[in-house]
Amino acid sequence: MGSDKEKQLESETKERVSSCIACLWSCMVSLSGGLMLAWWTYKYHPTNSQLWMVPFGLILFVTPLLIWFAVFVSDACSFTGEVRPTDASSVHDPENMITQVASTSC
């Protein structure tokens, strides 16, 4: 039957597949922008016609790269320590804070 370990493995596999699909999709977008710029350079640059292709191609080419950079920097700079302290005497523990306030108000 479905144990917790199997469910966790299945969810990790789904996450991995979805992130691979997103990576492939962004590669395709960036590649299409680069190919559009290359096509414009080959076909229309000598006459400086079809200039709309340049900013459109640049946007398609650069946007996935900026997103990859932002995700990489965010992941590299993320705080990996425990956000919430484990000791029960912490002021940030809501249950502990309620008991402290209740005991001092009487």
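The values are calculated or read from the model by the stated rules, or taken from the named source; none is laboratory data. Source: prediction; values computed, not measured. Cβ placement follows ideal geometry from the backbone for every residue including glycine, while neighbour counts extend to all protein chains displayed.
Among the residues making up segment 51-95, a single one is assigned to a loop (DSSP other than H, G, I, E, B), surrounded by 10 or more Cβ atoms within 10 Å (Cβ to Cβ) and at pLDDT 70 or above: LEU51.
Could you tell me whether segment 40-50 includes any residue that is touching a helix residue (DSSP H, G or I) at 6+ places or on another chain (Cβ under 6 Å) and part of a helix (DSSP H, G or I)?
Yes, that holds for at least one residue.
For LEU58, the stated conditions hold: it is within 20 Å of MET28 (Cβ to Cβ), in contact (Cβ under 8 Å) with a residue 24 or more places away in the chain and of a type in the set (A, V, I, L, M, F, W, C). Those residues that are within 20 Å of ALA38 (Cβ to Cβ) and among the polar types (S, T, N, Q), I need them from segment 60-75; list them, please. Answer for segment 60-75, where residues must be within 20 Å of ALA38 (Cβ to Cβ) and among the polar types (S, T, N, Q): just THR63. Within segment 1-23, being surrounded by fewer than 10 Cβ atoms within 10 Å (Cβ to Cβ) and of a type outside the set (Asp, Glu) holds for MET1, GLY2, SER3, LYS5. Of the residues SER26, SER19, SER32, SER11, the single one that is in a helix (DSSP H, G or I), within 19 Å of ILE67 (Cα to Cα), without any contact (Cβ under 8 Å) to a residue 12 or more places away in the chain and not aromatic (Phe, Trp, Tyr) is SER19.
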